[in-house]
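The values are calculated or read from the model by the stated rules, or taken from the named source; none is laboratory data. None of the values given here were measured: they were computed from a predicted structure. Quick reminder, even Gly has a Cβ in these numbers, built from the backbone with ideal geometry, and neighbours come from all protein chains shown. Keep in mind that these areas ignore ligands, DNA and RNA; they rest on the heavy atoms of the full protein, side chains included. Shrake-Rupley method; radii C 1.70, N 1.55, O 1.52, S 1.80 Å.
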Amino acid sequence: MNHLDKLEAQSVNILREAYREFKNICMLWSVGKDSTVLLWLARKAFFGHVPIPLVHIDTHFKLPEMIKYRDDLALKWKLTMIYGENTEALKNKMTFPDGNIDRIKCCKSLKSEALKHTLSGEWPRYKMDHETGEYIQDDNKEKYTGVIVGVRADEEGSRSKERYFSPRDKENDWDVSDQPPEFWNQYKTDFAPGTHVRIHPLLDWTELNIWEYIERENIPITDLYFDQGNGKRYRSLGCYPCTTPVDSTSKNVSEIVEELKSGKFSKIAERSGRAQDKDDGGGLETLRRDGYM
Amino acid sequence: MNLKEQMNIVIVGHVDHGKSTVIGRLLADTGSLPDGKLESVKEYCRNNSRPFEYAFLLDALKDEQAQGITIDTARCFFKTNKRDYIIIDAPGHIEFLKNMVTGASRAEAALLVIDAKEGIRENSKRHGHILSMLGVKQVVVLVNKMDLIDYDQEKFQKITSEFSEFLSKIHIKPINYIPISAFNGDNIVSSSKNIPWYKGMDVLRQLDSLKNKKKNYGQPLRLPVQDIYKFTANGDDRRIVVGTILSGKIKVGDEVVFLPSYKKSTVKSIEGFNVPKRDTAYAEEATGITLSKQIYINPGELLVKANEKLPEVSSCFRANIFWVGKAPLVKDKQYKLKIGSTKIPVKLLEIINIIDAAELNIDSYKDQVERHDVAECIFETGKPIAFDIISDIEQTGRFVIVDNYDISGGGIIIGSESRHDNSLLKHVNEREYLWSNSLVSQDEKSAKYGHKSKLIIITSGSEGKEKSVENIAKQIERKLFDLNFKAYYLGISSLLAGLVSEDSIGYRDRLEHIRQLGEVARLFTDSGQILISPIYNLDDYEVDKLKVLNQPNEILVFNLGETPFNNFKPIANFNEGNALDIVLEVLKGQEVIEYYL
């Protein structure tokens with residue numbers, strides 16, 4: 001087994017454990033490369049099926065290509081596709097692009113708040129109808145008690161402290177200083193009523209591992225990651241007002257792998273194109289405690 | 001694709017002995033930091049009027065910077081030409097032992113850091129002890145802060161000989177002792193001129209010399225059944241048994257046994273997604289198989305090969321454990337044991353001794369295992385489980401204990417125990433001793449009601465017969481009721497909805513349901529009634545449990561279709577057509593309803 005096989009086996013084991021232990025479980029899919037690898041790993045774990053609903057938090061400031069890619073794949077792979085949003089904030093234009101709040105507050109409102117209330121079932125969930133390809137309001141309002149997320153430990157400091165199974169309390173808070181122990185592939189799968197668990201199957205993967213795996217498995221990835229001829233590509237995907245492409249001429253997966261291994265990005269942090277990180281003094285800690293992924 | 005080898009290394013040791021500085025140095029001196037990181041940390045230090053330290057590179061979390069100690073395991077990545085490393089920084093403070101355990105259990109090798117000036121401290125030893133229990137065999141000791149003792153060779157040797165003596169008692173033979181100063185960068189990525197008397201490897205070369213664990217393909221197959229999938233979408237009709245192989249290999253055509261049920265079948269195929277068709281799967285793979293003969297099995301069983309050494313199957317075992325729970329481990333309290341994919345109630349039967357993890361003194365006087373203690377104990381599970389002795393197969397000799405909702409301890413099994421005075425029997429004896437008998441005797445009750453009291457269980461091992469056993473049990477109640485007998489049907493769902501609250505830990509636990517049914521049956525049969533209950537797929541252990549709990553009254557088990565039992569023989573087998581007749585016949589034969597005839 002090479003290290004990709006090992007990472008895959010570990011992630012599949014975690015996904016199966018999560019599926020076994022949690023009745024109301026969902027997987028967050030940002031349509032970025034990490035959560036798409038996660039989705040692929042679910043197909044590995046469940047032999048081509050995806051018996052877990054996928055939840056996307058739509059800020060409505062996502063690059064339009066992202067939404068098209070999401071819906072195309074959802075139809076093709078017959079995914080139970082759900083999205084949630086902060087309808088109120090969008091209606092009142094309380095967003096950074098509208099000029100009414102700063103970047104951090106915008107993230108908090110359109111992502112953290114929307115996520116929190118979508119997971120709890122308090123705000124409407126919209127589910128894809130595979131007959132029409134349209135989204136209709138989902139009748140299921142049950143709280144998700146297990147949430148699978150594609151964070152990686154190498155992304156930034158606070159994520160390097162996560163567990164594979166990481167409890168969140170009733171307020172969605174993450175108590176970093178008192179986390180459960182986790183050893184010998186035994187995870188925290190018992191949880192008190194009202195709390196929920198975040199599950200992180202990709203914790204040990206690096207950005208390079210992700211691309212190596214995408215290459216090996218031939219996973220369909222949105223074109224935004226590739227140079228379309230103007231010498232620019234996205235290294236990390238987010239909302240268009242806060243995410244800038246990087247200068248790179250990588251046109252396909254193997255060129256990206258090479259670029260990460262020995263090229264210009266081998267020493268530059270992945271999220272350097274994300275403006276909100278800088279506003280928070282270089283750490284995602286504040287957002288993370290609020291439930292941001 | 002050219003893929004490099006990867007290795008997880010944990011760094012442990014007493015608080016303030018310089019673990020984070022060692023890692024900071026390794027990252028900086030191998031050029032593994034992102035551009036600008038070193039500068040930004042230096043600037044942070046300037047802005048906060050603190051002298052720069054390499055340790056700050058790791059202190060990514062704000063509250064950690066405030067406290068100045070590592071509280072949780074952080075992972076960082078660096079690479080050499082040989083391989084990519086994940087370095088796990090484990091906290092040295094005693095309060096955070098559970099985090100140290102979390103980090104160390106993921107590692108192939110450990111760097112144990114000792115402060116040359118302060119010498120060996122409590123957690124230098126405690127961490128050594130835990131490493132040994134966790135099964136981390138490759139240990140390199142770094143004697144740090146050599147600059148503070150003027151790179152003195154004698155003082156270095158005194159520390160190494162003292163520590164070697166301790167480690168030998170817990171069966172650890174360190175690969176090397178390296179004198180370093182992480183602060184000055186001595187012997188980290190190159191040999192130090194300050195320590196000319198040391199001729200061995202620097203830390204970096206030492207790391208590259210470590211070996212990734214050999215795959216245990218050669219050992220007997222151990223595959224804990226994590227789940228059984230039948231996804232019917234798109235016409236998929238496969239019934240796939242899934243799990244991660246802990247040791248050995250599995251091949252199409254292998255005759256396999258599931259334990260503890262002892263059910264047998266043959267491997268029909270190895271399943272996968274987006275992989276070429278194969279007929280063998282190996283240790284560490286998260287795999288899935290289909291079986292030639294369909295049998296009903298539950299997640300939590302251990303799949304092994306019939307022609308290889310079988311694991312132990314017992315409800316009682318002896319183990320060394322370490323405890324990190326908030327509350328102490330006490331006797332007569334129900335915990336949950338997780339071993340392989342099994343999750344089962346467990347009780348502490350006996351404490352053999354408690355070992356001071358740091359001093360290795362034995363303290364036999366304590367009657368509970370407190371936080372951060374290491375102890376040798378005897379445990380009893382709710383029903384037999386399959387396991388191996390740690391020296392035979394490591395992966396199936398390890399378990400964790402859940403208290404309330406948290407993993408609170410870990411252990412390694414050092415022996416199987418056979419005890420007759422198990423806690424269930426003890427409980428029943430106590431219960432019967434305390435039983436308050438009424439003025440009406442059993443004989444009077446049966447004379448008046450016209451029948452004896454009985455617990456009747458309807459079961460089946462055939463797939464998809466859950467509803468049938470329920471219907472048959474209900475029809476028997478109807479029939480007996482119409483014949484004027486005092487019969488009562490009790491479904492498990494009624495029991496659950498009433499007796500168990502959803503908050504209780506045992507809610508999803510089948511064994512707990514069986515226990516409750518047993519206790520309820522004791523009350524019903526004592527009242528002189530015939531209690532009828534359907535339990536789909538009852539097994540040998542469960543029927544045994546019901547028998548014991550229903551004492552002194554009796555139990556009759558009827559089976560529909562395929563038997564779910566391995567050894568136990570039901571009083572009668574029937575099909576859906578003749579069920580009622582056969583039950584009545586047996587009841588007459590057993591003289592349960594003799595007075596009526």
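A few remarks follow.
- Scanning region A:184-238 for residues that are of a type in the set (Ser, Thr, Tyr) and in a loop (DSSP other than H, G, I, E, B), we see that the one that is surrounded by the fewest Cβ atoms within 10 Å (Cβ to Cβ) is A:THR195.
- Unmet requirement for A:ILE52, which otherwise passes all of (1) more than 25 Å from A:ARG235 (Cβ to Cβ); (2) aliphatic (A, V, I, L, M); (3) part of a helix (DSSP H, G or I): (3)
- From B:ILE172, B:ILE120, residue being in contact with a Lys or Arg (Cβ under 9 Å, 6 or more places away or on another chain), away from chain A (no Cβ under 14 Å) and part of a loop (DSSP other than H, G, I, E, B): B:ILE172
- Residue check, A:THR59 touching a strand residue (DSSP E or B) at 6+ places or on another chain (Cβ under 6 Å) and more than 9 Å from chain B (Cβ to nearest Cβ): yes
- Every residue from region B:102-148 that is among the polar types (S, T, N, Q), open to solvent by less than 10 Å² (accessible area, probe 1.4 Å) and within 28 Å of the chain's Cα centre (by Cα): B:THR102, B:ASN123, B:SER124
- B:VAL101 being of a type outside the set (S, T, N, Q) and in a helix (DSSP H, G or I): yes
- Check on A:LYS68, open to solvent by 10 Å² or more (accessible area, probe 1.4 Å), touching a helix residue (DSSP H, G or I) at 6+ places or on another chain (Cβ under 9 Å) and either away from chain B (no Cβ under 12 Å) or not in a helix (DSSP H, G or I) (or both): no
- Among the residues of region B:370-394, those identified as more than 14 Å from B:VAL346 (Cα to Cα) and surrounded by fewer than 22 Cβ atoms within 10 Å (Cβ to Cβ) are B:GLU370, B:ARG371, B:HIS372, B:ASP373, B:GLU376, B:ILE389, B:ILE390, B:SER391, B:ASP392, B:ILE393, B:GLU394.
- Failed condition for B:TYR177, given (1) more than 30 Å from B:ASN537 (Cβ to Cβ); (2) assigned to a strand (DSSP E or B); (3) touching an Asp or Glu at 6+ places or on another chain (Cβ under 9 Å): (3)
- Any chance A:ASN2 is within 14 Å of another protein chain (Cβ to nearest Cβ) and either open to solvent by 10 Å² or more (accessible area, probe 1.4 Å) or closer than 25 Å to B:LYS249 by Cα (or both): yes
- Breaking point among (1) at the interface with another protein chain (Cβ under 10 Å from one of its Cβ atoms); (2) touching a residue at least 40 places away in the same chain (Cβ under 8 Å); (3) among the hydroxyl-bearing types (Ser, Thr, Tyr), for B:SER247: (1)
- Scope region B:520-540; condition closer than 28 Å to B:ALA386 by Cα and buried (at least 20 other Cβ atoms within 10 Å of the Cβ); matching residues: B:PRO534, B:ILE535, B:TYR536, B:ASN537, B:LEU538, B:ASP539
- Meets criteria (open to solvent by 40 Å² or more (accessible area, probe 1.4 Å) and closer than 17 Å to A:PHE183 by Cα) for B:LYS155: no
- Residue match in region A:79-87 (condition: surrounded by fewer than 18 Cβ atoms within 10 Å (Cβ to Cβ), at pLDDT 90 or above and more than 26 Å from A:ALA42 (Cβ to Cβ)): yes
- Filtered by the rule that a residue be surrounded by fewer than 22 Cβ atoms within 10 Å (Cβ to Cβ), of a type outside the set (Val, Ile, Thr) and either touching a helix residue (DSSP H, G or I) at 6+ places or on another chain (Cβ under 6 Å) or assigned to a loop (DSSP other than H, G, I, E, B) (or both), region B:222-247 gives B:ASP227, B:LYS230, B:PHE231, B:ASP236, B:ASP237, B:ARG238, B:ARG239.
- Qualifying residue in region B:146-158 (condition: hydroxyl-bearing (Ser, Thr, Tyr) and assigned to a helix (DSSP H, G or I)): no
- Of residues in region B:382-421 being in contact with a Cys (Cβ under 7 Å, 6 or more places away or on another chain) and farther than 18 Å from B:THR342 by Cβ, the one modelled with the highest pLDDT: B:SER418
- Pair list, Cβ under 7 Å, 6 or more apart: region B:96-116 residue farther than 14 Å from A:TRP184 by Cβ and at the interface with another protein chain (Cβ under 8 Å from one of its Cβ atoms), other residue among the hydrophobic types (A, V, I, L, M, F, W, C) and surrounded by fewer than 24 Cβ atoms within 10 Å (Cβ to Cβ): B:ASN99/B:ILE71
- Look at (1) within 14 Å of chain B (Cβ to nearest Cβ); (2) surrounded by fewer than 22 Cβ atoms within 10 Å (Cβ to Cβ) and you find that A:ASN13 fails only one, number (2).
- Pairs where the first residue, in region B:426-448, is over 15 Å from B:GLY518 (Cα atoms) and the second is charged (D, E, K, R) and open to solvent by 70 Å² or more (accessible area, probe 1.4 Å), C-beta under 6 Å, 6+ apart: B:SER446/B:LYS452
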